Amino acid sequence: MGIKLGMLLVFFAVMVGIGLYCRKHATDVSGFVLGGRSVGPWLTAFAYGTSYFSAVVFVGYAGQFGWKYGIAATWAGIGNAILGSLLAWVVLGRRTRIMTQHLDSATMPEFFGKRFGSRSLKVAASVIIFIFLIPYTASLYNGLSRLFGMAFDIDYSVCVVVMAVLTGVYVIAGGYMATAINDFIQGIIMIFGIVAVIAAVLNSQGGFLAALEGLAQVSDPEVSAAPGVFASFFGPDPLNLLGVVVLTSLGTWGLPQMVQKFYAIKSEKAIDTGTVISTLFAVIVAGGCYFLGGFGRLFSGQIDIAANGYDSVIPTMLSGLPDVLLAVVVVLVLSASMSTLSSLVLTSSSTLTLDLLKDHVWKDMDQKRQVFVMRCLIVVFIAISVVLAIIQYRSNVTFIAQLMGVSWGALAGAFLAPFLFGLYWKRATKAACWTSFLFSTVFMLAVISPLKSVLPALLQSPINAGAFCMVAGLVIVPLVSLCTAKPDRALVEDAFSCYDEKVLVRQSQALGDK
C-alpha cells in the first residue's frame, strides 16, 4: 500500500507542478488554447496519442472487444495506428495547421464558421460539441472504479473527485502547454505500463505460445461453433470487428479534441517527426491494450459477464499481479484518463467561450476576459462530468452510458467529412455541412431512442452506427455540394490562398529548378 500511495503522490505532485510552471504560457487566448502554436513534435505527438487512448480503451473497449473477438481484437489497435494516427497526420496535419492559422481559427467550430462564411454553422458545431463531449468526459471515470476498488478499496466517488480536481488545477493554471507536457509524461507511463502488464499477464499463463494455445481451446457455442475461433486471424465476427476498427480509427479525423492538436504544431519538421512518434505510440498502447484484452477468455472461470459486465474483464486479469505492478497499472489508467480529460475540458471550454459566448452573448470580450471565462468553464465542465459519473455509478440510469457510447459516432460523423473536404475541396458548400451535421446527430440519437427498432439489425449497435455515419458523411458532403449552389468564390479563394504562398526552404528539403 505504501508503494501504491507513494507512486500516486509523486505522480500528482509532478502534474500540478507542471501546471503551475506553465502559467506564463497561458496569458492570452492563443497561449491558453494552442500553446502559442509553438508546440514541438514530441509534445504534439504524445498529446495526440494520450488524448486518443483513455481508460475507456484500456478497461472498457479492450475488455469488451477482446472477449467478443479474441486475439483478432488486435486489429482494432492496428487500425488505430495506421488509420487513426499515421494517415490522420499525413492527410490532415499540414493542411490543418496552414489553413487554421490563415483563417485565425482556434477551434473547429470557428474553422467551419470562417471557411464556409456562416456564423450559424459555427454555433451549431459548438452546440453539438457541448452536447456530446460532456457525456464522453463522464465516461473517462468508469475505468477507474474497479481498478481503484481492487488496489486501494477506496470509494469510487473519492477517486473521481480527486482525479477531477487535480486535472482541473493543471489545466486551469497552464492551459494547453501544461496539458501537452503532462501528456508527454503520462504517455511515457502508458508505454512502459502496458508493456509491463502484457508481459506479466502472459507470463502468468505460461508465456505467449502457451496462452495462445490455451485460447485456441476456448469455445463458446453462442458465439461460434468453429474450434479455436478466439485464437484465429479474424475472430468469430469479422463484420462487426470491422465496425469497431472504423469507429475507433477513422473517428479521430473528426473529433475536435484530436484535430485541434494539429492547430498547435510548430513547424514542418514537427509534422514529420510527430507522424512517426504518434504512430509508434498507437502501435504500442492501442495494439497492446487490445492484444491484452484478446486473452480475457483465459480467465472466464473468474469472470461473470452477465453480472459484472465487460468492464470486469481487464481488472480480473490484473488482480493477481504483484503490488508494484498493480501500482503501475493504477498510474497507467490515471494517466490515460487525466490526459484525455484535460483535452476534452479544454476543447469544451474554448469552444463555448470563443464560438458561443464571444460576440453572441458577451460583446467586446477582450483576451484576458476570454481566458478567465475559459478557466471558469473548465471548472463547470469538470463538475458536470463528475456529477454524471457518480449518478451513473450509484443508480440504474442507463441513458448516460448509452449517450457516451454514441458520442464518438455523433461528433466524428458530423464533422469528419465537412472538415476534410473543407481543407481539400473548393466546391464544398455550407448546405453540405448542415446536412452532415443533421444526419449524424439525428441518426446517432435514434440509436438510443425507441426508433432504434426500425433500423436494420446491423446498425442498431452504436459501434456500427457510428462507423456508418462517418462513411456516409464522406458520400453526403460531395453529393449535396454538387447539388447546391456554388460557394462564394472570393471566400473560397481567400481560404485556399494560404496553400499557394511561397516559402523558402533549404536545398536538402526540396530540389531547386536549376
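Yes/no matrix, rows are residues, columns are (1) under 22 Å from the mean Cα position of the chain (by Cα); (2) surrounded by fewer than 15 Cβ atoms within 10 Å (Cβ to Cβ); (3) not in a helix (DSSP H, G or I):
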{"residue": "Ala428", "(1), (2), (3)": "no, no, yes"}
{"residue": "Ala431", "(1), (2), (3)": "no, no, no"}
{"residue": "Ser440", "(1), (2), (3)": "yes, no, no"}
{"residue": "Phe468", "(1), (2), (3)": "yes, no, no"}
{"residue": "Leu482", "(1), (2), (3)": "no, yes, no"}
{"residue": "Lys486", "(1), (2), (3)": "no, yes, yes"}
*asked:* Would you confirm, using the coordinates I've provided, whether Ala410 is modelled with pLDDT of 80 or more and buried (at least 19 other Cβ atoms within 10 Å of the Cβ)?
replied: yes
*asked:* Restricting to the range 104-122, name every residue that is charged (D, E, K, R) and under 16 Å from Asp488 (Cα atoms).
replied: Lys114, Arg115, Arg119
*Output the residues belonging to the range 87-101 that are out of contact with any Leu (no Cβ under 7 Å at 6 or more places or on another chain) and of a type in the set (Lys, Arg).*
Arg94, Arg97
*Can you find a residue in the range 226-238 that is among the acidic types (Asp, Glu) and surrounded by fewer than 15 Cβ atoms within 10 Å (Cβ to Cβ)?*
no
*Counting only residues that are at pLDDT below 90 and either surrounded by fewer than 20 Cβ atoms within 10 Å (Cβ to Cβ) or under 25 Å from Ser232 (Cα atoms) (or both), how many does the range 272-282 have?*
2
*asked:* Just to be sure before I move on: is Leu103 closer than 26 Å to Thr441 by Cα and either surrounded by fewer than 22 Cβ atoms within 10 Å (Cβ to Cβ) or out of contact with any Phe, Trp or Tyr (no Cβ under 8 Å at 6 or more places or on another chain) (or both) in the structure I sent?
replied: no
_Looking at Phe372, Phe381, can you tell me which residue is touching a helix residue (DSSP H, G or I) at 6+ places or on another chain (Cβ under 9 Å) and among the aromatic types (Phe, Trp, Tyr)?_
Phe381
*asked:* Return the residues of the range 152-187 that are without any contact (Cβ under 8 Å) to a residue 60 or more places away in the chain, in contact with a Phe, Trp or Tyr (Cβ under 9 Å, 6 or more places away or on another chain) and farther than 30 Å from Phe372 by Cα; say none if nothing qualifies.
replied: Ile154, Asp155
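One line per residue, one yes/no per condition, for (1) assigned to a helix (DSSP H, G or I); (2) crowded, with 24+ Cβ neighbours inside 10 Å; (3) of a type in the set (D, E, K, R):
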| position | (1), (2), (3) |
| --- | --- |
| Lys261 | yes, yes, yes |
| Leu298 | yes, no, no |
| Val328 | yes, no, no |
| Ser337 | yes, yes, no |
*Tell me which of these Gly287 doesn't satisfy, since it passes every other one: (1) closer than 29 Å to Val162 by Cα; (2) within 17 Å of the chain's Cα centre (by Cα); (3) among the small types (Gly, Ala, Ser).*
(1)
*asked:* Looking only at the range 168-199, filter to residues that are among the small types (Gly, Ala, Ser) and within 15 Å of Ile284 (Cβ to Cβ); which one of those is surrounded by the most Cβ atoms within 10 Å (Cβ to Cβ)?
replied: Gly187
*Restricting to helices (runs of 4 or more DSSP H) lying wholly in the range 108-181: which have 2 or more residues that are on the phi > 0 side of the Ramachandran plot and modelled with pLDDT under 80?*
none
*Scan the range 256-263 and give yes if some residue there is in contact (Cβ under 8 Å) with a residue 40 or more places away in the chain and more than 23 Å from Thr137 (Cα to Cα), otherwise no.*
no
*Do you know which residues across the range 76-96 are farther than 24 Å from Phe496 by Cα and surrounded by fewer than 24 Cβ atoms within 10 Å (Cβ to Cβ)?*
Ile78, Ala81, Ile82, Leu83, Leu86
*From Val285, Val246, grab the single residue that is surrounded by fewer than 24 Cβ atoms within 10 Å (Cβ to Cβ) and either touching a Cys at 6+ places or on another chain (Cβ under 9 Å) or closer than 30 Å to Asp220 by Cβ (or both).*
Val246
*Matching residues, the range 71-92, being of a type outside the set (Val, Ile, Thr), in contact (Cβ under 8 Å) with a residue 60 or more places away in the chain and out of contact with any Ser or Thr (no Cβ under 7 Å at 6 or more places or on another chain)*: Ala73, Trp75, Gly77, Leu92
*Go over the candidates Gly193, Gly206 one by one and state the one that is closer than 29 Å to Ile18 by Cβ and small (Gly, Ala, Ser).*
Gly193
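The rows are residues; the columns are (1) in contact (Cβ under 8 Å) with a residue 40 or more places away in the chain; (2) under 23 Å from Gly93 (Cα atoms); (3) out of contact with any Gly (no Cβ under 7 Å at 6 or more places or on another chain).
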residue: Phe415; (1), (2), (3): yes, yes, no
residue: Phe421; (1), (2), (3): yes, yes, yes
residue: Tyr424; (1), (2), (3): yes, yes, yes
residue: Val442; (1), (2), (3): no, no, yes
residue: Gln460; (1), (2), (3): no, no, yes
residue: Ala465; (1), (2), (3): yes, no, no
residue: Pro478; (1), (2), (3): yes, yes, yes
residue: Ala490; (1), (2), (3): no, no, yes
residue: Tyr499; (1), (2), (3): yes, yes, yes
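The values are calculated or read from the model by the stated rules, or taken from the named source; none is laboratory data. What you see is a predicted model; the values in this text were computed from it and never measured. Don't worry about glycine lacking a Cβ; one is built from the backbone with ideal geometry, like all the others, and counts go over all protein chains shown.
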